[in-house]
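The values are calculated or read from the model by the stated rules, or taken from the named source; none is laboratory data. On a predicted model such as this, the values are computed, not experimentally measured, just so you know. Cβ coordinates were reconstructed from backbone atoms using ideal geometry, including for glycine residues, and neighbour counts include every protein chain displayed.
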């Protein structure tokens, strides 16, 4: 799913207010190299997802005032079910705890998303990403509730998690199950 952050409340509340290591520049370079090639198909949904995740992380300009705090958008089973905060199922994949977390998730998305979107088309790819968000969040929520009902962990019910890795890993699983691998250029090979 992403980074589980139940160990320190300070991390949950603040996540990280500013970039801290130059990895966003490296992500920008990766995107420029992928989309700047003359033969690149430039998949728009993958690009939009990377931009959206990056903007939510950076909170530039008015976004700082519009978006809730990361703590209020994180995946938390108790707040989702008991508090009725169902929007957390949709917002938590777009929140990242720190710069390296965003970089790793978006690098994986750029690597796999570009090839998958090219092979299946943008509309089908967008539908697949929406389904994977729903499935990864729904399965995580269900698992937390089942473990709690078995007496195996009320602590699962109160943890906070963020990130796009649930979607990225699900995408990788789909590719692997289908016998598809990706070349460094992002094109798919069978």
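Summary of values
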{"quantity": "Yes/no for residue 42 being free of Cβ contacts under 8 Å to residues at least 40 places away in the same chain, touching a helix residue (DSSP H, G or I) at 6+ places or on another chain (Cβ under 8 Å) and buried (at least 16 other Cβ atoms within 10 Å of the Cβ)", "calculated": "no"}
{"quantity": "Residue that is over 21 Å from residue 129 (Cα atoms) and surrounded by 12 or more Cβ atoms within 10 Å (Cβ to Cβ), where the choices are 49, 58, 89", "calculated": "58"}
{"quantity": "Pair list, Cβ under 8 Å, 6 or more apart: the range 73-98 residue over 19 Å from residue 167 (Cβ atoms), other residue part of a helix (DSSP H, G or I)", "calculated": "78/157; 79/88; 81/141; 81/145; 85/79"}
{"quantity": "Verdict on residue 84 being in a loop (DSSP other than H, G, I, E, B), loosely packed, with under 13 Cβ neighbours inside 10 Å and modelled with pLDDT of 80 or more", "calculated": "yes"}
